[in-house]
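K.L.:
The structure follows.
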Ligand code: PPE
């Protein structure tokens, strides 16, 4: 169960959690044309809090809406402020933020007509996405029988609600088969991304991640590329196959919810030493320092607030 907070920001004002409801004829509920974000706020070492790369997430929300030709009735600055207001109203020093832009009720049928574009921002405390142990020990992954979206079937640069049916199919299949997460290949057969994470592999100290073709342009992915390069690693964005993943020294997933989650096994093949490798551990350590305000070089990635 999601851990309830008190208030949800809905169309410009804070309402009680239990009153943030919609009609069953909400257009997006039927056809999936909505966009959303996932953002984390962390408690910093000095007792203050900070939202990680808030501006970038809200810009991506606007980009996602633009891809769908949908105009959000609030600009980036207004939504940035609304996210912070929501965290503060719920007295959350740390938590996950879920902005959602959707087409409300009005006409039915695929064409949304002039139905209102509605915006909600919810927030709740959310621990390690794949379990605390996963961050340390790594997870077991299965290549999905479901391919990731073709770039002309769904819009892969947009975080569209309907895109996630593919994720739900893959994730539920993987979990039912006893794995922690699903790895999806693109329609050409190359490694794409997981149900809710980007992927990295490491071999001979070179770090590789998939190019931004069929994958969501992850903000955690971008943060890792930046941090890894600063630590002196060569990072390439290049297509790779599942067997290149099988023989990697290390592999890990990245995402706002998943943070940096090491992969210890893929399709019953042990990856590297079968636990979090040194590069994943180092990047995790550096990443957590950055999000908790312990690395001033990246203060510009933090949106500080106090509750
Ligand atoms: N790919 C997909 C498909 C994806 O959903 C996410 C985030 C990423 C990559 C990584 O993007 P970023 O968070 O900007 O680094 N997935 C979000 C939703 C997870 C959920 O189960 O809900 C998230 O991590 O918030």
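The values are calculated or read from the model by the stated rules, or taken from the named source; none is laboratory data. Bear in mind that the values here come from a model prediction, so they are computed numbers and not experimental data. Cβ: placed from backbone, ideal geometry, glycine included. Neighbour counts: every protein chain shown.
K.L.:
Please go through the range 1-31 and pick out each residue that is under 30 Å from residue 156 (Cβ atoms) and either modelled with pLDDT under 95 or crowded, with 16+ Cβ neighbours inside 10 Å (or both).
P.N.:
Hits for the range 1-31 are 2, 8, 9, 10, 20, 26, 27, 28, 29, 31.
K.L.:
Name the residue that is farthest from the chain's Cα centre (by Cα), counting only residues in the range 186-195 that are assigned to a loop (DSSP other than H, G, I, E, B) and within 13 Å of the ligand (Cβ to nearest atom).
P.N.:
186
K.L.:
Same structure again: Got a number for residues in the range 158-176 being free of Cβ contacts under 8 Å to residues at least 40 places away in the same chain and either surrounded by fewer than 14 Cβ atoms within 10 Å (Cβ to Cβ) or away from the ligand (no atom under 12 Å from the Cβ) (or both)?
P.N.:
7
K.L.:
Okay, next question. Can you find a residue in the range 71-92 that is surrounded by 20 or more Cβ atoms within 10 Å (Cβ to Cβ), farther than 24 Å from residue 299 by Cα and under 21 Å from the mean Cα position of the chain (by Cα)?
P.N.:
Yes, the range 71-92 has at least one match.
K.L.:
Still on this structure, please answer the following. May I ask you to say which residue of 95, 104, 32 is within 30 Å of residue 293 (Cα to Cα) and in contact with a helix residue (DSSP H, G or I) (Cβ under 9 Å, 6 or more places away or on another chain)?
P.N.:
It is 95.
K.L.:
Which one is surrounded by the most Cβ atoms within 10 Å (Cβ to Cβ), of the residues in the range 93-112 that are over 30 Å from residue 276 (Cβ atoms) and within 14 Å of the ligand (Cβ to nearest atom)?
P.N.:
Going through the qualifying residues, I end up with 99.
K.L.:
For the structure I just gave you, tell me whether residue 287 is outside any helix (DSSP H, G or I), under 21 Å from the mean Cα position of the chain (by Cα) and within 16 Å of the ligand (Cβ to nearest atom).
P.N.:
Criteria not met by residue 287.
K.L.:
Here is a list of conditions, (1) away from the ligand (no atom under 15 Å from the Cβ); (2) surrounded by fewer than 23 Cβ atoms within 10 Å (Cβ to Cβ), and residue 256 meets all of them except one; can you say which number that is?
P.N.:
(1)
K.L.:
Given the condition on the phi < 0 side of the Ramachandran plot, touching a residue at least 60 places away in the same chain (Cβ under 8 Å), surrounded by fewer than 16 Cβ atoms within 10 Å (Cβ to Cβ) and part of a helix (DSSP H, G or I), answer yes or no: does some residue in the range 128-148 qualify? Steps first, answer last, please.
P.N.:
Quick first cut of the range 128-148, residues on the phi < 0 side of the Ramachandran plot only: 128-130, 132-137, 139-148.
If we keep only those that are touching a residue at least 60 places away in the same chain (Cβ under 8 Å) as well, we get 128-130, 134-137, 139-143, 148.
Among the residues that remain, those that are also surrounded by fewer than 16 Cβ atoms within 10 Å (Cβ to Cβ) are: 128, 136-137.
From the residues that got through so far, the ones that are part of a helix (DSSP H, G or I) too are 136-137.
Yes.
K.L.:
Now a separate question. Six or more apart or on different chains, Cβ atoms under 8 Å: show the pairs whose first residue is in the range 35-47 and closer than 30 Å to residue 69 by Cα and whose second is modelled with pLDDT under 95 and within 12 Å of the ligand (Cβ to nearest atom).
P.N.:
Going by the 8 Å Cβ cut-off, the qualifying pairs are 40/126.
K.L.:
Give the residues of the range 207-237 that are surrounded by fewer than 20 Cβ atoms within 10 Å (Cβ to Cβ) and within 18 Å of residue 264 (Cα to Cα), sorted by residue number.
P.N.:
none
K.L.:
Is it true that residue 183 is touching a helix residue (DSSP H, G or I) at 6+ places or on another chain (Cβ under 8 Å), outside any strand (DSSP E or B) and surrounded by 21 or more Cβ atoms within 10 Å (Cβ to Cβ)?
P.N.:
So residue 183 fails the test.
K.L.:
A further question on this structure: If residue 41 satisfies every condition in (1) within 15 Å of the ligand (Cβ to nearest atom); (2) within 24 Å of residue 301 (Cβ to Cβ); (3) out of contact with any helix residue (DSSP H, G or I) (no Cβ under 8 Å at 6 or more places or on another chain) but one, which is the exception?
P.N.:
That leaves (3) as the condition not met.
K.L.:
Sort out which residues of the range 113-126 are touching a helix residue (DSSP H, G or I) at 6+ places or on another chain (Cβ under 6 Å) and surrounded by 20 or more Cβ atoms within 10 Å (Cβ to Cβ), and write them in order of number.
P.N.:
The answer is 121, 123.
K.L.:
Also, I was wondering about something else. I need the full set of residues from the range 256-269 which are part of a strand (DSSP E or B) and touching a strand residue (DSSP E or B) at 6+ places or on another chain (Cβ under 7 Å), in order please.
P.N.:
Going residue by residue through the range 256-269, those that are part of a strand (DSSP E or B) are 259-266, 269.
Answer for the range 256-269, where residues must be part of a strand (DSSP E or B) and touching a strand residue (DSSP E or B) at 6+ places or on another chain (Cβ under 7 Å): 260, 261, 262, 263, 264, 265, 266.
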